[in-house]
Amino acid sequence: MRPMAQTLEQLFAIDSLIHDDEREIAKAVRHFVDQRVRPHIADWFDTGKVPARELTKELGELGVLGMHLEGYGCAGMSATTYGLACQELEAGDSGIRSLVSVQGSLAMYSIHAYGSEEQKQEWLPRMAKGEVIGCFGLTEPDFGSNPGGMRTRAKQDGDDWVLNGTKMWITNGAVADVAVVWAQTDDKMRGFVVPTDTKGFSAPEIHKKMSLRASVTAELVLEDVRLPKSAMLPGARGLSGPLGCLNEARFGIIFGSMGAARDCLETTIAYAQDRLVFDKSLASYQLTQAKLADMALELGKGQLLALHLGRLKDAGHVDAAQVSVGKLNNTREAIKIARECRTILGANGITLEYPVIRHANNLESVLTYEGTSEVHQLVIGKALTGAEAFR
């Protein structure tokens, strides 16, 4: 019989810091994950196949797609509520949270923040419902941390734009109906709304991944893709446009990564309580308890940091360096927690019967995308010193 014990939430009293409406949304998302994701996620990860279109429609019905955006069929909820939803989604799997983040915080946010009224009316209501899937084309094969060096070009030809280039590691790319693609022009970097059935556009899926296997990842290839001038996002000019979108996605990761870490730790505590080693539970050994205590501390601190940044964002006071603090700390600690949990589960930790190795593999990507740890260290370093050290 398991001894009476506090839950992770009780240890830090996190629930006392969350409003009733936020708690209800988080509870609804957790229920969705329990019913729709957990029973299938090991198989999706194992086969590298996920019913993305079906899930997107269901997530639209749940109301989490673009849930932090106002109007156009979006729920208009707080940043903190959105973050808590991301935490519950990523407790299921980082790939599922990535689907929602790319749809809402990258593709939809691009159009919402920088698009024309016509673009917003055309795309956002259908994207919020999950009827249309979006992707975000910024990263290129040779330009990830340095998006300003991108080679994708958009040239004017009469009243049209013609795009040529390649994008890489694009979540949702192979199933997307619309892509927001960033390209260099004679007037700085600009964003374009590209229907994926446009002639010259293709999105071959990337296979043989060992991370985010329950997520669709693709390359985007643009070969003389001709678009009307109305396809350009009028409100974004220069690198500040896509970087503003990345900050939105990074915010969701701050919460989401803690969901993956929480799921690992909850699984590991339960396992250690049941597993007998030398005739007593693994949880009763000092070395095990020391590991669990250290991991619980980092999880709690990360959750508190996420909530703090959520409140700042809701008040309109969060800045890019603070988002980098959250993304750097929480992804770094989440992957440490996943790896440490694996040691407690021993050989069982490498099977998909338990979620730990899946979360650990996924977090390898989460640690890297939307800004590597090194990039965020430099963002924070610049904030502290005033000196830019990127070059």
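The values are calculated or read from the model by the stated rules, or taken from the named source; none is laboratory data. As the structure is a prediction and not an experimental result, all values here were calculated from the model. Cβ placement follows ideal geometry from the backbone for every residue including glycine, while neighbour counts extend to all protein chains displayed. For the accessible areas, the whole protein counts, side chains as well, though only heavy atoms, and no ligand, DNA or RNA atoms are used. Shrake-Rupley method; radii C 1.70, N 1.55, O 1.52, S 1.80 Å.
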Residues of segment 276-285 classified as in a helix (DSSP H, G or I) and either open to solvent by 40 Å² or more (accessible area, probe 1.4 Å) or among the small types (Gly, Ala, Ser) (or both), total: 2
Residues of segment 235-282 satisfying the condition of being over 28 Å from GLU370 (Cα atoms) and aliphatic (A, V, I, L, M): ILE269, ALA270, ALA272, LEU276, VAL277, LEU282
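Take GLN273 and tell me if it is assigned to a helix (DSSP H, G or I), surrounded by 14 or more Cβ atoms within 10 Å (Cβ to Cβ), modelled with pLDDT of 95 or more and touching a strand residue (DSSP E or B) at 6+ places or on another chain (Cβ under 9 Å). Break it down into steps so the answer makes sense when it comes.
On the way: assigned to a helix (DSSP H, G or I): yes; surrounded by 14 or more Cβ atoms within 10 Å (Cβ to Cβ): yes; modelled with pLDDT of 95 or more: yes; touching a strand residue (DSSP E or B) at 6+ places or on another chain (Cβ under 9 Å): yes.
Yes: the conditions hold for GLN273.
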Residue list for segment 218-267, restricted to those being at pLDDT 95 or above, surrounded by fewer than 24 Cβ atoms within 10 Å (Cβ to Cβ) and polar (S, T, N, Q): SER230, THR267
Matching residues in segment 160-179 - criterion: being of a type in the set (Val, Ile, Thr), open to solvent by 10 Å² or more (accessible area, probe 1.4 Å) and closer than 17 Å to ARG97 by Cβ: THR171, VAL175
Residue within segment 364-379 that is touching a helix residue (DSSP H, G or I) at 6+ places or on another chain (Cβ under 8 Å), open to solvent by less than 60 Å² (accessible area, probe 1.4 Å) and closer than 25 Å to ILE14 by Cα present: yes
First in segment 262-274 and more than 17 Å from GLY92 (Cα to Cα), second anywhere and aromatic (Phe, Trp, Tyr), Cβ under 9 Å, 6 or more apart: TYR271/TYR354; ALA272/TYR285
Helices (runs of 4 or more DSSP H) lying entirely in segment 286-391 (those with 3 or more residues that are under 26 Å from GLY92 (Cα atoms), of a type in the set (S, T, N, Q) and out of contact with any strand residue (DSSP E or B) (no Cβ under 6 Å at 6 or more places or on another chain)): 286-314, 320-345, 356-368
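Within the bounds of segment 366-373, is there any residue that is among the hydrophobic types (A, V, I, L, M, F, W, C) and over 21 Å from TRP169 (Cβ atoms)?
Of all residues in segment 366-373, those among the hydrophobic types (A, V, I, L, M, F, W, C) come to 366-367.
Going one step further and asking which of them are over 21 Å from TRP169 (Cβ atoms), we end up with none.
The answer is no, given that none of the residues of segment 366-373 is among the hydrophobic types (A, V, I, L, M, F, W, C) and over 21 Å from TRP169 (Cβ atoms).
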Residue identified as closer than 30 Å to THR80 by Cα, β-branched (Val, Ile, Thr) and either touching a residue at least 24 places away in the same chain (Cβ under 8 Å) or assigned to a strand (DSSP E or B) (or both) among VAL194, VAL181, VAL162, VAL221: VAL181
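Among the residues of segment 138-146, is there at least one that is in contact with a Gly (Cβ under 6 Å, 6 or more places away or on another chain) and small (Gly, Ala, Ser)?
Let us first name the residues in segment 138-146 that are in contact with a Gly (Cβ under 6 Å, 6 or more places away or on another chain), namely 143.
Then drop every residue that is not small (Gly, Ala, Ser), which leaves none.
No, that holds for no residue.
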Positions within segment 15-36 being crowded, with 18+ Cβ neighbours inside 10 Å and within 14 Å of GLY259 (Cα to Cα), in sequence order: ALA26, VAL29, ARG30, VAL33
Matching residues, segment 102-131, being among the aliphatic types (A, V, I, L, M), in contact with a strand residue (DSSP E or B) (Cβ under 9 Å, 6 or more places away or on another chain) and open to solvent by 10 Å² or more (accessible area, probe 1.4 Å): VAL102
Flag if ARG97 is open to solvent by 60 Å² or more (accessible area, probe 1.4 Å), part of a helix (DSSP H, G or I), modelled with pLDDT of 95 or more and basic (Lys, Arg): no
Residues located in segment 254-285, provided they are basic (Lys, Arg) and over 24 Å from ASN330 (Cα atoms): ARG275, LYS280
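Yes or no: GLU388 farther than 23 Å from THR81 by Cβ, loosely packed, with under 14 Cβ neighbours inside 10 Å and without any contact (Cβ under 8 Å) to a residue 12 or more places away in the chain? Before you say what the answer is, go through the steps one by one.
Values: farther than 23 Å from THR81 by Cβ: yes; loosely packed, with under 14 Cβ neighbours inside 10 Å: yes; without any contact (Cβ under 8 Å) to a residue 12 or more places away in the chain: yes.
Yes; evaluated as a whole, the condition is true for this residue.
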Looking only at segment 305-346, and only at residues there that are touching a residue at least 40 places away in the same chain (Cβ under 8 Å) and of a type in the set (Gly, Ala, Ser), the one that is farthest from GLU364 (Cα to Cα): GLY310
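Identify, please: which residue in segment 134-159 is charged (D, E, K, R) and not in a strand (DSSP E or B) and is, among those, surrounded by the fewest Cβ atoms within 10 Å (Cβ to Cβ)?
By that ranking, first place goes to ASP159.
Here is a yes/no grid of residues against (1) outside any helix (DSSP H, G or I); (2) of a type in the set (A, V, I, L, M); (3) in contact with a helix residue (DSSP H, G or I) (Cβ under 6 Å, 6 or more places away or on another chain):
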| site | (1), (2), (3) |
| --- | --- |
| VAL50 | yes, yes, yes |
| HIS68 | yes, no, yes |
| GLN87 | no, no, yes |
| TYR109 | no, no, yes |
Lone unmet requirement of (1) aromatic (Phe, Trp, Tyr); (2) open to solvent by less than 10 Å² (accessible area, probe 1.4 Å); (3) assigned to a loop (DSSP other than H, G, I, E, B) for TYR82: (3)
